[in-house]
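Reading through the structure tokens given below for one structure.
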Amino acid sequence: MFLKEEIFNFVQKHKDDDIHKLLLSKQELSGEELKFAVQQIEGRQRVKNKLPEWYNTPRILYPVHLSLEQCSSAETAKYKASLVQGDSLIDLTGGFGVDTSYLAQKFDSVVYVERNPDLYQIVSHNFKQMGLNHIQTINSEAESVLKDLELVDTVFIDPARRDNTGGKLVSIGDCVPNVIELQSIFQAKAKQVLIKLSPMLDLTQALRELDYVSHVYIVALSNECKELLVLVDYTKEETKNPQICCVNLGKNDQLEEFSFSLNDEERIDVGYATEVKKYLFEPNAAVLKGGAYKSIAKRFNVDKLHPNSHLYTSDRYLSDFPGRKFEINEVLNFNKTSLKKLKTITKKANLTIRNFPSSVDSLRKKLKIAEGGEKYIFATTLMNEEKVLLVCSKLTN
Ligand SMILES: C[S@@+](CC[C@H](N)C(=O)[O-])C[C@H]1O[C@@H](n2cnc3c(N)ncnc32)[C@H](O)[C@@H]1O
């Protein structure tokens, strides 16, 4: 339908318009044609930041909202492509094809599989528009394609949520296809399998259910956890002790990485701070999601402030610490005299609560401090159970 010139022209003419106004006002298109054209305009507007390459490629087709929500961002797809290699790849749950398109840059033979016929048609068209002519597209069920598959180097699978309600995900079994059930066929048909899962999934449960896991990648984008990637490698020995790689992708291809193993984490005796030192460190979201609380303290030789807060302190500045870094300007006890003193230090601050009996809002009211500015205040509890405010300045390198 999109290829009809009048629809293409309509989309071009209204590409930056408000779609709600478009639908309400009288237009040169109507009915199904108008609905389809509006889906295109809305889709393109939605991917502007997430998928700039799609946004800038002419005559790309956009599917319904859900498929755009489910697809990876360009940044995380690009990162995924750095994790796998070989000659042949099959993406069993192709979706909008974002992951396939980036992974395809690393493989000579690439197959995209998608069960939804509309999505399959849209993506087959888009791959041609993007010059990705070496990708074969198949409209089928992953399970039946797998049965007839010859040995491939890499299988990629990004299962969909069974209910599509956006509700909280608890186990891999809530996804389709169910990768736990597919494990034996994976082992017969592939050297490695990269599985994309939601960061809301319980990692330890996933590791109990999956075999031959060599690496887990917890991927955050600008300090927000986006994906949990599990790399299953049948060419390596089963260890049940994978490397957990915590990755925070920043702007301009900046990347913070921290790797550890759950076995090591369990064995480490962490040092606690008897006093607050010169600098404060807060691990990024990927490190925290991975649970590397003790491993990070040991690797960077920093002291943890308290068992229930993941804040660390040191007299040495550690520019490569994966997370936020601060110089501590003042340590104030949480009492009337100190609160008075705070007013002389700053009237504006970014407030963070960690292991402290108050919400940000009520503490802000109590401190009478406006939001923003150059100062950062951490309200927290020390090892001796003293409640303190750490007034800090953020350090950027
Ligand atoms: C989370 S999306 C994939 C997004 C994709 N990685 C991307 O970046 O665009 C999952 C897709 O798997 C498809 N799917 C679910 N079960 C399937 C099955 N058994 N066989 C093939 N495709 C399936 C869904 O229709 C959905 O489009």
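The values are calculated or read from the model by the stated rules, or taken from the named source; none is laboratory data. Since the model is a prediction, treat every value here as computed from it, not as a measurement. Please note: Cβ atoms are built from the backbone with ideal geometry, for glycine as well, and neighbour counts cover all protein chains shown. Heavy atoms of the whole protein, side chains included, go into the accessibility calculation; ligands, DNA and RNA do not. Shrake-Rupley method; radii C 1.70, N 1.55, O 1.52, S 1.80 Å.
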Could you grab me the full set of residues in the stretch 60-86 that are open to solvent by 70 Å² or more (accessible area, probe 1.4 Å) and farther than 30 Å from D233 by Cα? V64, H65, L66
Within the stretch 235-245, take every residue that is out of contact with any Gly (no Cβ under 6 Å at 6 or more places or on another chain) and open to solvent by less than 50 Å² (accessible area, probe 1.4 Å) and give me the one that is farthest from F156 (Cα to Cα). N241
Residue in the stretch 134-157 that is modelled with pLDDT of 95 or more, acidic (D, E), surrounded by 17 or more Cβ atoms within 10 Å (Cβ to Cβ) and closer than 28 Å to I60 by Cβ present: no
Return the pair list, or none, for Cβ contacts closer than 7 Å from residues in the stretch 36-51 that are within 14 Å of Q12 (Cβ to Cβ) to residues that are among the β-branched types (V, I, T), at least 6 apart or on different chains. A37/I7; A37/V11; V38/I19; Q40/V11; I41/V11; I41/I19
Just the residues that are more than 15 Å from I244 (Cα to Cα) and buried (at least 19 other Cβ atoms within 10 Å of the Cβ), please, taken from the stretch 284-299. A297
Got at least one residue in the stretch 233-240 being under 22 Å from L262 (Cβ atoms) and touching a helix residue (DSSP H, G or I) at 6+ places or on another chain (Cβ under 8 Å)? yes
Considering only residues of the stretch 371-396 that are at pLDDT 95 or above and polar (S, T, N, Q), which is surrounded by the fewest Cβ atoms within 10 Å (Cβ to Cβ)? N384
Filter result (open to solvent by less than 20 Å² (accessible area, probe 1.4 Å) and at pLDDT 95 or above) within the stretch 198-213: L210, V213
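Tell me, yes or no, whether the stretch 261-268 has at least one residue that is in contact (Cβ under 8 Å) with a residue 60 or more places away in the chain, over 25 Å from T396 (Cα atoms) and surrounded by fewer than 21 Cβ atoms within 10 Å (Cβ to Cβ).
Scanning the stretch 261-268, I find no residue that is in contact (Cβ under 8 Å) with a residue 60 or more places away in the chain, over 25 Å from T396 (Cα atoms) and surrounded by fewer than 21 Cβ atoms within 10 Å (Cβ to Cβ), so the answer is no.
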Just for strands (runs of 3 or more DSSP E) wholly inside the stretch 47-157: which have at least 3 residues that are within 25 Å of the chain's Cα centre (by Cα) and within 14 Å of the ligand (Cβ to nearest atom)? 88-91, 109-114, 152-157
Check on V232, under 22 Å from L92 (Cβ atoms), away from the ligand (no atom under 16 Å from the Cβ), open to solvent by less than 30 Å² (accessible area, probe 1.4 Å) and of a type in the set (V, I, T): yes
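Residue by residue, here is whether (1) part of a loop (DSSP other than H, G, I, E, B); (2) open to solvent by less than 20 Å² (accessible area, probe 1.4 Å); (3) farther than 28 Å from I90 by Cα holds:
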{"residue": "A220", "(1), (2), (3)": "no, yes, no"}
{"residue": "V247", "(1), (2), (3)": "no, yes, no"}
{"residue": "E257", "(1), (2), (3)": "no, no, no"}
{"residue": "L280", "(1), (2), (3)": "no, yes, yes"}
